[in-house]
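The values are calculated or read from the model by the stated rules, or taken from the named source; none is laboratory data. Small disclaimer: the values here were computed from a predicted structure and weren't measured. FYI the Cβ positions are ideal-geometry reconstructions off the backbone, even for glycines, and counts take in every protein chain you see. Accessible surface areas use protein heavy atoms only, side chains included; no ligands, DNA or RNA. Shrake-Rupley method; radii C 1.70, N 1.55, O 1.52, S 1.80 Å.
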Amino acid sequence: MLDSVRSRLTLWYTAVLTLVLVLLSLITYFIFLRSTVRRTDANLAELSESFLVTLRAEMEDQKGPDVFRIAAEVAIGEHQFRDHYYAIADDTGKVIVSSLDIQAANVSSETPVAGPLSSRQFQEFLEAAVHSERRFGEIKGNKDGYRAFARRFSIRGRDYMLVILQSLHAQREMLEGVTSTFAWVIPIAILLASVGGYFLARKSLAPVVAMSSHAGRIGAANLHERLAVQNEKDELGQLARSFNSLLDRLSQSFERQQRFMADASHELRTPVAILRGESEVALSQQARSAEEYRESLGVLHQEAARLTRIVEDLFTLTRADAGQYPLQPHDFYLDELVAECVHSARTLAQAKRISLYFEGAAESPIHADESLLRRMIMNLLDNAIKYTPASGRVTITCRRAGEEYALSIADTGSGIPADLQPRIFERFFRADKARSRAENDGGGAGLGLSISRWIADAHHGRLELTRSDANGSTFTAYLPAAHSPAVSRS
């Protein structure tokens, strides 16, 4: 049961609500109790004032040797309310007159009169009250007990102590009523809140259950499906949009993977077919000259080299995608590396009667992976030479542009169509036959620019096609520059 989120939410909600209601009930009970006690004390104080006013008035009207006792009995009689008891004691704590005296006079002498004024707790309270002007307390008696109030007063030069007792029966009944009300209201409120909370949690989590069910049905065959977004502004809507965004990225990755596998299979099929075909031809003939065998082996070697380059490029991109191609940076001069690459590419350029022109660059210290940058530059030079017609020109420039170097390689080829330029860095993409290497020239796989862009990105730089028109194309690599040279020229 606790495996369900809505059950756990309901239990937590119920537990917190129960704790809050219980604490609120206890606080309310004690506030109500304190208010009742204060009201009772105020009532006893007012009653004592009224009693003393009546007593003093009777003292003025009465005459005789026992005038104080008679006046006190009259005052007690006039203020004799239900569940109230009065007692007047002298300054030593001896009771002079009390409500019990009046009750005894109204009943037969054979019937003993008992009450709280004759209890031991009353005597103890009276003894303690003799030493103070005013005193409140509680005295045990019957089932509920009494609230006691004692105050000192003086008449005709003598000190007396007035004690009034009020039964707590009505107060106890009221508090019991409050307690019983809480006792049945709180469980009912908790039950109703728990049921409502469960259905509210169930309704609130219903979209999550629906999204989970829908997501469970999405696979490779229906990766285009998306979760329904009911409210884009709430948390569930944000969750659905985040999941749909994840599905978009997965779909794009899946499509790229499928296209990658299809293109890789296509690119690998050609050299493998040539290898197989050439080997079958060589083996099918019983007698062949050495020259024919050398020609067949040359074809096999050429296609094996092409196959090796494709496999190495695929392996490089695979490791790069997985983040398993660590860079090995060190300090060197970029202008020296560019000059070395231009020197290495002159053989390819001379074979097509293409001029390579490297504009001299100032010292360009850089902290990077030299082997990867060499590969990027050679890829760009190879592409420029490959797509430049005979007697054309390839220009290489390296200059400082703020906090980065701009390495540009421009050719004088036919350019790339505008609608195909955004896809020029995609893997296995070749714009058209005019920008594709001929089959007898090794057959380019369309991975060079992809690898070059990854190398630039890995160095926190970028590779861009900055110009492409009928007069040729220019690729520019932007690489972060070192702040100061860490190596010296040899």
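For segment 147-174, the set of residues classified as exposed (fewer than 15 other Cβ atoms within 10 Å of the Cβ) and part of a helix (DSSP H, G or I) consists of Ala170, Arg172, Glu173, Met174, listed by residue number.
Cβ-Cβ contacts under 9 Å between residues 6 or more apart (or on different chains), taken from a first residue in segment 284-302 that is closer than 12 Å to Ile274 by Cβ and part of a helix (DSSP H, G or I) to a second residue that is small (Gly, Ala, Ser) and open to solvent by less than 70 Å² (accessible area, probe 1.4 Å), are listed as Ser296/Ser279; Ser296/Ala282; Leu300/Ser279; Leu300/Ala282; Gln302/Gly442. Is there any pair linking a residue in segment 217-228 that is within 11 Å of Phe254 (Cα to Cα) to one that is of a type in the set (Gly, Ala, Ser), with Cβ under 6 Å and at least six apart or on different chains, and which? Matching pairs, first to second residue: Leu223/Ser251.
The rows are residues; the columns are (1) of a type in the set (Phe, Trp, Tyr); (2) modelled with pLDDT under 75; (3) under 60 Å from the mean Cα position of the chain (by Cα); (4) open to solvent by 40 Å² or more (accessible area, probe 1.4 Å).
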site: Ala240; (1), (2), (3), (4): no, no, yes, no
site: Gln252; (1), (2), (3), (4): no, no, yes, yes
site: Ser284; (1), (2), (3), (4): no, no, no, yes
site: Arg288; (1), (2), (3), (4): no, yes, no, yes
site: Glu291; (1), (2), (3), (4): no, no, no, yes
site: Ser296; (1), (2), (3), (4): no, no, no, no
site: Arg306; (1), (2), (3), (4): no, no, yes, no
site: Asp313; (1), (2), (3), (4): no, no, yes, no
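Can you give me the ranges of the helices (runs of 4 or more DSSP H) entirely in segment 1-120 with at least 3 residues that are surrounded by 13 or more Cβ atoms within 10 Å (Cβ to Cβ), in contact with a Leu (Cβ under 9 Å, 6 or more places away or on another chain) and at pLDDT 85 or above? Before you say what the answer is, go through the steps one by one.
Numbers: elements: 5-61, 67-78, 99-106.
In segment 1-120, the matching helices (runs of 4 or more DSSP H) lie at 5-61, 67-78.
Could you tell me whether Glu225 is open to solvent by less than 70 Å² (accessible area, probe 1.4 Å), in a loop (DSSP other than H, G, I, E, B) and not β-branched (Val, Ile, Thr)? Spelling it out, Glu225 is indeed open to solvent by less than 70 Å² (accessible area, probe 1.4 Å), in a loop (DSSP other than H, G, I, E, B) and not β-branched (Val, Ile, Thr). On the given criteria, is Phe51 over 21 Å from Leu168 (Cα atoms) and hydrophobic (A, V, I, L, M, F, W, C)? No; evaluated as a whole, the condition is false for this residue. Across segment 436-485, the qualifying residues are those that are modelled with pLDDT under 90 and among the hydroxyl-bearing types (Ser, Thr, Tyr), and the one among them that is least open to solvent (accessible area, probe 1.4 Å) is Ser450.
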